[in-house]
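Heads up, the thing below is written out as structure tokens.
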Amino acid sequence: MSAAMQDPLSSLKSDFDRDGFIAIKSLFDAAKMAEINREFDRYVETCVPKMTDTEVFYEEKGAKGTLKQMQNMQLYDDYFRELMETDTIRELAETMLGETARAVNLEYFNKPAGVGKPTPPHQDGYYFHFNPPAAVTGWLALERADPENGCIHYVRASHKVDGYRPHGRSEILGFSQGITDFGTPDDKANTIAFPGDAGTFLMHHSKTIHWAGPNTSPTRARRALGFVYFGASAKVDQQARDAYQAKLAADLRAAGKI
Ligand SMILES: O=C(O)CCC(=O)C(=O)O
């Protein structure tokens, strides 16, 4: 376990059960974050060219400087596979889930300077086509995130409500569905923003409502990695998931977005 972990696991687990998320000020120190950022630059050079059009999204199609999102990074690179399997993040996932975790998706979330769009309010589990909703997502800031460049917001205890909130098609590439009735007094009263420097680590339950604003900074990007783990108990409806993914890819191609 990282020396930078301030809270014992048992206290993080009770925070997670109560709130639907945890926040760790610096999971990794500055030297480790510098290493991860260097490896990330190498990944973009050497691995992105091998990825498929449904695994790499650009804010402006064809503009390499607007790389906004990636999926399945663990499938293309040993360094990032190890980071996902590493004791620190995996142990957090298994503790929060209360069961063995399966690493399923290492994602990249960027909001490029000036053009980064908002992340619509959503619940990850709505996208996952599984039951029970036993999954967590870890979120590691690669650089400072704050209200100007679009830090993450969580709605406290939103994971405790039965079922999912209604979702509908969002126009934001990479987030195909957003909550359609978001913004109730309860949502507003329980929303908390999570600004922080590189190394800030968040982890949320698959039913926790989260969102982020656009990047309004003309100079700073907002780059982060997402680590998705499913609990052993989660059973995926593979047919429904594959059908949804195929339709989404066809729609995005038809709209000229990928
Ligand atoms: O980084 C973002 O803006 C979105 C992250 C997200 O939706 C997630 O980690 O599940």
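The values are calculated or read from the model by the stated rules, or taken from the named source; none is laboratory data. Predicted model, so just to flag it, every value in this text is computed and none were measured. Note that we place each Cβ from the backbone using ideal geometry, even for glycine, and neighbour counts take in every protein chain shown.
At a glance:
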item: Residue in the range 65-80 that is nearest to the ligand (Cβ to nearest atom), counting only those that are in a helix (DSSP H, G or I) and among the aliphatic types (A, V, I, L, M); result: M73
item: Residues that are outside any loop (DSSP other than H, G, I, E, B), in contact with a Lys or Arg (Cβ under 8 Å, 6 or more places away or on another chain) and over 21 Å from Y229 (Cα atoms), drawn from the range 150-168; result: none
item: Number of the exception - D197 against (1) crowded, with 17+ Cβ neighbours inside 10 Å; (2) farther than 16 Å from F109 by Cβ; result: (1)
item: A221 being assigned to a loop (DSSP other than H, G, I, E, B), in contact with a helix residue (DSSP H, G or I) (Cβ under 6 Å, 6 or more places away or on another chain) and touching a residue at least 60 places away in the same chain (Cβ under 8 Å); result: no
item: Count of the range 81-126 residues which are outside any strand (DSSP E or B) and more than 18 Å from L225 (Cβ to Cβ); result: 14
item: Yes/no for A134 being closer than 19 Å to H205 by Cα and more than 12 Å from the ligand (Cβ to nearest atom); result: yes
item: Pick from the range 102-131, criterion basic (K, R) and within 11 Å of the ligand (Cβ to nearest atom), ranking: surrounded by the most Cβ atoms within 10 Å (Cβ to Cβ); result: K111
item: Selection within the range 48-94 - touching a residue at least 12 places away in the same chain (Cβ under 8 Å), of a type in the set (A, V, I, L, M, F, W, C) and either surrounded by fewer than 14 Cβ atoms within 10 Å (Cβ to Cβ) or within 26 Å of G114 (Cβ to Cβ) (or both); result: V48, M51, V56, F57, L67, M70, M73
item: Hits in the range 127-140 (condition: modelled with pLDDT of 95 or more, within 25 Å of K188 (Cβ to Cβ) and not hydrophobic (A, V, I, L, M, F, W, C)); result: P133, T137
item: Residue within the range 139-160 that is more than 10 Å from the ligand (Cβ to nearest atom), among the polar types (S, T, N, Q), in contact (Cβ under 8 Å) with a residue 60 or more places away in the chain and over 18 Å from G199 (Cβ atoms) present; result: yes
item: Members of the range 29-56 found to be in contact with a Leu (Cβ under 8 Å, 6 or more places away or on another chain) and not in a helix (DSSP H, G or I), listed by number; result: T54, V56
item: Scan of the range 6-28 for residues that are assigned to a helix (DSSP H, G or I), under 20 Å from G226 (Cβ atoms) and not charged (D, E, K, R), ordered by number; result: L12, F16
item: Verdict on R169 being more than 13 Å from the ligand (Cβ to nearest atom) and without any contact (Cβ under 8 Å) to a residue 12 or more places away in the chain; result: yes
item: Selected residue [within 27 Å of R102 (Cβ to Cβ), at pLDDT below 95 and within 15 Å of the ligand (Cβ to nearest atom)] from Q245, Q177; result: Q177
item: Scan of the range 1-29 for residues that are more than 20 Å from the chain's Cα centre (by Cα) and more than 19 Å from D87 (Cα to Cα), ordered by number; result: S14, R18
item: Selection count where residues are within 20 Å of V228 (Cβ to Cβ) and not hydrophobic (A, V, I, L, M, F, W, C), scope the range 129-149; result: 6
item: Subset of the range 174-218 [of a type in the set (F, W, Y) and part of a loop (DSSP other than H, G, I, E, B)]; result: F175, F182
